[in-house]
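Undergrad: Following this message is one structure expressed as structure tokens.
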Amino acid sequence: NQHGGPQNKNNQNFIDDRKDVFFYQSDAGHYIPRALLVDLEPRVVNKLIHQGPYRNLFNEENVFIAQDGGGAGNNWASGFRQGEQHHEKVLDMIDRESDNSDSLEGFVMCHSIAGGTGSGMGSYLLEALNDHFPKKLVQTYSVFPNWSQNQSDVVVQPYNSVLTLKRLTLNADAVVVLDNTALNRIAVDRLKIENPTVDQLNSLVATIMAASTTTLRYPGYMNNDLIGLLASLIPTPRCHFLMTGYTPLTIADYYQNTIPTSGGGGDATPTSQEAAVAAGGRASSNNKNTGRGGHSASVRKTTVLDVMRRLTQPDNIMVSADTRSPTSCYISILNIIQGNDVEPTQIHTALQRMRERQSIRFIPWGPASIQVALARKSPFLASTNKVSGFMLANHTSMAELFDRLLGQYDKIRRRNAFLDNYRREPMFKDNLDEFDSARETVQCLVDEYRACERKDYVDYDYASRSDSGGLE
């Protein structure tokens with residue numbers, strides 16, 4: 001609730017507060033998210049809009065649930081087909097919300113890549129947004145599955161993930177990777193939560209999403225629009241998968257942390273830059289509730305230097321990839337430092353100390369620099385730390401995550417296992433070429449990230465990697 005509740009409608013005296021980026025004001029003076037909630041089965045969305053503290057927050061005209069309510073059955077092809085079936089209704093909702101925006105800059109889609117709705121219908125919506133709004137940015141927050149054998153509950157998640165990754169590669173401008181494996185590790189190892197719940201993991205995700213949009217909602221001199229935020233992080237269009245880090249890490253009980261509203265504004269459910277599409281996205285956990293109470297990683301004193309050092313430590317990075325590998329390197333880094341008493345001189349001193357230590361390895365063919373944006377904290381949220389930091393980074397170790405996914409995919413694909421439900425759908429009725437095309441696209445992505453680690457990347461031959469549905 002970083003913009004206050006209904007009791008704080010007139011809060012212009014605090015700091016520049018751009019609620020209109022993610023909310024619009026109703027005739028009654030309440031703030032309503034510019035968000036669409038889209039799902040093929042009613043359970044999750046109905047829980048959000050009919051129960052709990054945010055039941056009166058969303059515009060019910062912006063909620064789409066398939067009439068039969070049967071879901072996609074963890075089948076990407078079923079989700080994609082149903083996306084086509086409901087194309088007109090969902091696009092009408094997007095058009096209406098877009099037309100109500102003063103200055104539409106782009107879309108943010110929140111979804112999972114392993115199930116059926118978030119992956120299949122999410123893939124269809126990515127293609128539809130590209131066709132319908134060819135000049136607008138599309139950014140996603142994509143939840144990657146937990147690959148641990150004892151926590152994975154969808155046997156076909158490698159198929160769904162590879163098919164979705166093709167669309168994320170070809171149809172999205174930026175993808176913020178939310179890796180369930182890393183989120184579980186952070187909750188267990190860093191926050192000492194033995195069995196993290198879905199709500200606790202979603203609390204981590206909400207923290208990341210809120211931090212990544214801070215400079216849009218509390219604008220300063222830099223990074224105050226979506227293009228400015230992403231342009232410097234993505235020097236080449238295909239390598240647009242971003243990892244995140246946050247410190248100090250804290251996680252509070254979901255129900256104790258939310259503020260009930262009767263239609264007021266809030267940041268509990270992050271939405272889009274101007275209009276959002278949320279397609280079946282949810283962080284997953286198969287663990288049981290461990291009770292209530294807050295958890296935090298032990299950080300007793302925060303300084304700008306300490307926060308910036310911690311942001312690049314593997315323990316605080318929310319992707320299960322080895323950023324300290326001797327060959328991997330950063331393509332770009334953006335740190336958003338939040339604190340009401342932080343001076344620019346502290347930023348310069350911290351950057352100088354980090355350069356002297358040479359602890360961060362950058363690409364050999366581009367500038368080695370950490371960009372830093374200074375943002376003020378929300379006046380509506382109490383914080384125990386004077387300084388907190390968020391990192392958005394483009395790193396070549398992302399290839400490790402995709403390679404692991406391809407390994408899981410190949411295990412079941414070479415046996416043609418679990419394909420019957422896919423063959424029942426129109427896309428795969430005649431052949432399975434789309435699987436091979438998607439795999440080739442992801443392999444091209446892995447190859448390009450690894451090529452980024454070499455000095456000759458500027459001479460990388462895209463054309464030779466664009467066959468069989470590969471990168472274009």
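Undergrad: Listed highest first by mean packing, meaning other Cβ atoms within 10 Å per residue, what order do 203-210, 180-187, 94-101 come in?
TA: Numbers: 203-210: 20.6, 180-187: 22.9, 94-101: 15.5.
Highest to lowest by the protection proxy: 180-187, 203-210, 94-101.
Undergrad: Using θ = phi - 60° and the Karplus form 6.51 cos²θ - 1.76 cosθ + 1.60, what ³J(HN,Hα) does each residue of the range 124-134 get, whole Hz, x for Gly and Pro?
TA: Ordered by residue, 3J(HN,Hα) equals 5, 5, 4, 5, 5, 5, 4, 6, 7, 10, x Hz.
Undergrad: Give me the dipole magnitude in Debye, nearest 20, for the range 30-105 about the Cα centre, with unit charges on the beta carbon: positive for Lys and Arg, negative for Asp and Glu.
TA: Values: 7 positive and 13 negative charges, 90 e Å.
For the range 30-105, the charge dipole is close to 440 debye.
Undergrad: Whole-Hz ³J(HN,Hα) for each residue in the range 68-81, computed from phi via Karplus 6.51 cos²θ - 1.76 cosθ + 1.60 with θ = phi - 60°, x for glycine and proline: what do you get?
TA: 6, x, x, x, 10, x, 6, 10, 4, 5, 5, x, 5, 4
Undergrad: Work out how much length V188 to R18 would gain on full extension: take 0.36 nm times their residue separation and subtract the Cα-Cα distance, in nm to one decimal. Show your work: numbers first, answer last.
TA: Working: separation 170, 0.36 × 170 = 61.20 nm, distance 3.53 nm.
Extra length available between V188 and R18 comes to 57.7 nm.
Undergrad: Extending each Cα 7 Å along its Cβ direction at A368 and N195, get the distance between those two points in nm, one decimal.
TA: 4.8
Undergrad: On to the next question. Please give the contour-minus-distance gain from L91 to A382: 0.36 nm per residue of separation, less the Cα-Cα distance, rounded to one decimal in nm.
TA: Numbers: separation 291, 0.36 × 291 = 104.76 nm, distance 3.92 nm.
Roughly 100.8 nm would be gained on extension.
Undergrad: Something else about it: If the cut-off is a Cα-Cα distance under 17 Å, which aspartates and glutamates reach K386, setting aside same-chain residues fewer than 8 apart in sequence?
TA: Here the aspartates and glutamates satisfying the reach criterion relative to K386 are D306, D341, E343.
Undergrad: List every residue whose amide H lies under 5 Å from the amide H of F362, counting only residues 5 or more places away in sequence or on a different chain, with H placed 1.01 Å from N in the peptide plane.
TA: Amide H to amide H, under 5 Å and 5 or more residues apart or across chains, F362 pairs with Y330.
Undergrad: Okay, next question. Be a star and scan the range 59-102 for residues whose amide nitrogen sits under 18 Å from the point 7 Å along the Cα-to-Cβ vector of N46.
TA: 60-73
Undergrad: Contour minus end-to-end for A28 and Q358, with contour as 0.36 nm per residue of separation and end-to-end as the Cα-Cα distance?
TA: On the way: separation 330, 0.36 × 330 = 118.80 nm, distance 5.50 nm.
Extra length available between A28 and Q358 comes to 113.3 nm.
Undergrad: Past 25 Å, Cα to Cα: identify those pairs from K47/K89; K301/K377; K89/K136; K166/K192, in the order given. Could the numbers behind the result be given before it?
TA: Details: K47/K89 22 Å; K301/K377 17 Å; K89/K136 20 Å; K166/K192 36 Å.
K166/K192, as the Cα separations exceed 25 Å there.
Read-outs: derived from the displayed coordinates by stated rules, not from any lab. Bear in mind the structure is a predicted one, so any value in this text is a computation, not a measurement. Don't worry about glycine lacking a Cβ; one is built from the backbone with ideal geometry, like all the others, and counts go over all protein chains shown.
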